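One structure below.
The values are calculated or read from the model by the stated rules, or taken from the named source; none is laboratory data. Nothing here was measured: the structure is a model prediction, and the numbers come from that model. As a convention, Cβ positions derive from the backbone with ideal geometry for all residues, glycine included, and neighbour counts pool all protein chains shown.
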Amino acid sequence: MRLLAPALLALAALAAHADDPAPAEAQRGLIARPSGQIKAADGSIVWDFADYGFVQGDAPATVNPSLWRHARLNNEIGLFKVTDGPAGGIWQLRGFDLANLTLVDGKTGWIVIDTLSSGETAAAAMAFARQHLGNRPVSAIVFTHSHADHFGGALGVITPEEAAARRVPVIAPAGFMEEATSETLLVGTAMGRRATWMYGNLLPRNANGSVDTGLGKALALGRLGMLAPTQLVEGERQELVVDGRRLVFHNVPGSEAPAEFVIELPEFKAFCGAELLSHNLHNLLTPRGAKVRDALRWAGYLDAAQDWVAGADVVFNSHQWPVWGEARIHRFIGAQADVYRFIHDQTVRGINQGLNAEEIAEQIRLPRALRDEFDVRGYYGELKFNVRAVYQFYLGFFDGHPSHLDPLPPVEAARRYVKLAGGIDKLVSAAQAAFDAGDHRWAAELLRHAVLADAGNAAARELLARTFEQLAWAAESAPQRNIYLSGALELRGGGGSRGLGLAALGDLLQHVPIARFIERSAASLDPVRAEGVNLKINLVFSDLGETYVLSVANSVLRYRKGVADADANATLTLPKAVYLRLLGGQLTAREALASGDVQVGGNPLALGRFFGLFQAASGNFPIVTR
C-alpha cells in the first residue's frame, strides 16, 4: 500500500515538530497504570485495558502517521497527578473510558469533575484512585456539560442514597437536564447507530481497525446513569464555595455542548477547560448527528478564556492530557480560538462569493501557523466537515441550485446512473481504474451508485470496501477512519448493531419527564396505520400523580397534561417504571397486565388498537447499502 497525500502531509508536519511538548505532557505526573478488564454485572466486558497495547512504535502503513502519534498520546493511561499545593492536589484518571474523571481535594473529601460514561468504568476508576491515594469520600460532583460521556457514570461514583443522605452537592450548568435527556431520547436510535461507526465500536482493535477515537481510546458501553443536579450555575459567571474550595464557573452554552461551563480553581492555580478545549480540532457538527455548533461563539469563549486562565499554572480538560506553563497555556487556547474563527470567516466569505459547501470545503486551506499546530489538527473534527457545518448553520442543507429542490432519492438516482453508464459491470470497471490510479474519492462515488443500484453485487461491494479501507488508512481524523472501516465491515456482511434503545439508557430514564417519552412515541406513529383513525386515551401514572390525555387524529399524536378526559376511549393506569419497561421492550403488555401494576378502564380493544399504531425503529438500519 502506498502512502496517500493526507499521510504524506502528516509526515511533513511530524518532521517539523522535533520539539513536540505533548509526549512529556501526556506522561507527566503518572502514579500508576491499570491493567485487566472492567466487567458488567452479567460478566460481559465493558472495558479492556489491553485493547490498544499494539499502539506503540512507528506508524504502520495502515494508519496516518499523524493520527498514530495522537493515538499513542491518548494511550498514556492511568492515574496522574495534575498539580499539588497548599490547598491540596488535583488528579485525573485517564484511559478508563472516552473521557477523564478528575479528583479535586476538598476540605472533607474529593470533588469529582465528570464521571465518565458508564457506572462500571467510573466505579473502577474510583477504586483505582482509592487504592493509590487513600479512601476519601466524595464531597461533591460536578458535571461540566450535557454529553453522556461526562455524566453517565455518576452512579459508579456514588449511590443516590449516599448522595442524598450526606447531601452531596451535584453541580451542573443551566439547562443541563433538558439537554442531557431530550436529544438522546428523541433521535437516540439513529444517533446510537451512527455513533457505533464514529467511535469504531464494531471494529477489531488492531492496526487495520480501531486505533483511537480522537478524544480518547474508545467509548465504554456499560450502564448509563444519572444524578439530578442540586445546584445549577446560572448566568455568565458564578462563584461557589464547594467543600471549602472556591470554584468560579463560566457558562459557555452553545459551544461544544448546549449546556456547558468551564471552571477556575484559583486556590490550585488551575483551570478546567471542560470540552471547550482539547488537543484536536473539534466537531462543529458531529458525524453521529447533533445540532450544529456555533463556531464564532466558540471562538469568542476561547478569547475570553485567555483572561479566565490568568494566574493558572495548569489547564486540564475533560479529555486527553493537561498543559502547564503560562506561555504554553496561552498558545494552546489561542490556536484553538483562531482555527474556529478562521473556519467560520472563510466559510462565510465563500458563501458570499456564491460558493456552495462542497466548493468551499475543497478549496479552504489553514494558514501554515495553524496547520503546523498539533493541538488543532483534525484528529476528531475535520476541516472540510466543519466547513459544511458552518454552511449548514447559516444556510441549511439547500445549496441554492434549482435541480436540488426536489432531487431523486439515492437508490432511484443510482439505478439511472448505472443505466447511463452502460450497466453495472462498466461502472465497476471504471471504478477499478480509478482505484488503481489512486483516485479513491472518485472510485467511492462511482461504487456508491453501483451498490445502491444493486446491493447484491459482490464485486461492487468488495471494491467499495477496499476503497473505504484506503481512505481510512490515509485519514488523519479518527472518526472518519472509523466510519470508513465500519462501512467496509457492513459491505462484507458484518457490522450489524442496534442503535441506542431505551433499555441502553439505564438509570437516565428515571430523570426524563414523561412528555419526552410521549414525544418519542409521536415520532414512531405509522401514518398509514393511523390514516382515518380518531382515538383518545388517558395515560395515568399512579406513582407520579400525573395524567396525560393522548389523542390521534390526522395521523398526528397530540397530548396534554391535566385532567383525564371522560370521553376517552380507554384509560391506562400504571407506574412510570412499568411504562419504561414496556417502551424498552423488557416487558410485554400481557406480562404487565398479569403483574397487577396495570389497570385498564374503558374499551381494552381501543387501547390495543391505539398502541398498534406505533412502530418503533429497530436501530439496525443499513447505512452503505440503503
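Listed values, structure above:
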{"read-out": "Test: residue in region 85-92 that is touching a Ser or Thr at 6+ places or on another chain (Cβ under 6 Å), touching a residue at least 12 places away in the same chain (Cβ under 8 Å) and either over 30 Å from GLU382 (Cβ atoms) or surrounded by fewer than 19 Cβ atoms within 10 Å (Cβ to Cβ) (or both)", "value": "yes"}
{"read-out": "Complete set of residues in region 544-579 that are at pLDDT below 90 and either loosely packed, with under 15 Cβ neighbours inside 10 Å or over 14 Å from ALA515 (Cβ atoms) (or both)", "value": "ALA577, VAL578"}
{"read-out": "From VAL563, VAL552, residue being under 20 Å from ALA523 (Cα atoms) and of a type outside the set (Asp, Glu)", "value": "VAL552"}
{"read-out": "Condition check for ALA41: surrounded by fewer than 22 Cβ atoms within 10 Å (Cβ to Cβ), within 25 Å of the chain's Cα centre (by Cα) and farther than 15 Å from PHE96 by Cβ", "value": "yes"}
{"read-out": "Residue tally, condition touching a residue at least 40 places away in the same chain (Cβ under 8 Å) and either among the basic types (Lys, Arg) or assigned to a loop (DSSP other than H, G, I, E, B) (or both), over region 236-275", "value": "15"}
{"read-out": "Among residues of region 472-512, those that are within 19 Å of the chain's Cα centre (by Cα), assigned to a helix (DSSP H, G or I), of a type in the set (Gly, Ala, Ser) and at pLDDT 95 or above, counted", "value": "3"}
{"read-out": "Region 44-59 - residue that is over 22 Å from the mean Cα position of the chain (by Cα) and exposed (fewer than 15 other Cβ atoms within 10 Å of the Cβ) and, of those, nearest to GLY225 (Cα to Cα)", "value": "SER44"}
{"read-out": "Breaking point among (1) touching a helix residue (DSSP H, G or I) at 6+ places or on another chain (Cβ under 9 Å); (2) hydrophobic (A, V, I, L, M, F, W, C); (3) modelled with pLDDT of 95 or more, for VAL292", "value": "(3)"}
{"read-out": "Subset of region 31-49 [in a loop (DSSP other than H, G, I, E, B) and closer than 17 Å to LEU221 by Cβ]", "value": "ALA40, ALA41, ASP42, GLY43, SER44, PHE49"}
{"read-out": "Yes/no for ARG341 being crowded, with 16+ Cβ neighbours inside 10 Å and basic (Lys, Arg)", "value": "yes"}
{"read-out": "Which listed residue is among the hydroxyl-bearing types (Ser, Thr, Tyr), within 19 Å of ALA129 (Cα to Cα), part of a strand (DSSP E or B) and assigned by TED's automatic domain parsing to the domain that holds PHE143, from THR102, THR115", "value": "THR102"}
{"read-out": "Matching residues, region 607-616, being in contact (Cβ under 8 Å) with a residue 60 or more places away in the chain, among the small types (Gly, Ala, Ser) and exposed (fewer than 15 other Cβ atoms within 10 Å of the Cβ)", "value": "GLY612"}
{"read-out": "Matching residues in region 71-91 - criterion: being farther than 20 Å from HIS279 by Cα, outside any strand (DSSP E or B) and touching a helix residue (DSSP H, G or I) at 6+ places or on another chain (Cβ under 7 Å)", "value": "ALA87"}
{"read-out": "Hits in region 156-166 - residues which are free of Cβ contacts under 8 Å to residues at least 40 places away in the same chain and part of a loop (DSSP other than H, G, I, E, B)", "value": "THR159, ARG166"}
{"read-out": "Residue in region 404-424 that is over 30 Å from LEU370 (Cα atoms), outside the structural domain of VAL63 (by TED's automatic domain parsing) and crowded, with 23+ Cβ neighbours inside 10 Å present", "value": "yes"}
{"read-out": "Residue check, PHE80 at pLDDT 95 or above and either more than 21 Å from GLU120 (Cβ to Cβ) or surrounded by 21 or more Cβ atoms within 10 Å (Cβ to Cβ) (or both)", "value": "yes"}
{"read-out": "Hey, VAL598 at negative phi, surrounded by 12 or more Cβ atoms within 10 Å (Cβ to Cβ) and within 26 Å of the chain's Cα centre (by Cα) or not", "value": "no"}
{"read-out": "Subset tally (residues that are farther than 16 Å from THR83 by Cα and either touching a strand residue (DSSP E or B) at 6+ places or on another chain (Cβ under 8 Å) or outside the structural domain of GLY273 (by TED's automatic domain parsing) (or both)) for region 305-317", "value": "2"}
{"read-out": "Whichever residue in region 462-471 is under 29 Å from the mean Cα position of the chain (by Cα) and surrounded by fewer than 24 Cβ atoms within 10 Å (Cβ to Cβ) and, among such residues, is nearest to GLN432 (Cα to Cα)", "value": "ARG466"}
{"read-out": "Helices (runs of 4 or more DSSP H) (entirely within region 354-456) containing at least 1 residues that are more than 26 Å from the chain's Cα centre (by Cα)", "value": "357-363, 368-371, 410-420, 424-436, 440-453"}
{"read-out": "Region 128-155 - residue that is part of a loop (DSSP other than H, G, I, E, B) and over 28 Å from the mean Cα position of the chain (by Cα) and, of those, surrounded by the most Cβ atoms within 10 Å (Cβ to Cβ)", "value": "ARG136"}
{"read-out": "Looking only at region 580-626, and only at residues there that are small (Gly, Ala, Ser) and in a loop (DSSP other than H, G, I, E, B), the one that is farthest from VAL528 (Cα to Cα)", "value": "GLY596"}
{"read-out": "Checklist (1) touching a helix residue (DSSP H, G or I) at 6+ places or on another chain (Cβ under 7 Å); (2) crowded, with 17+ Cβ neighbours inside 10 Å applied to GLY378, failing item", "value": "(1)"}
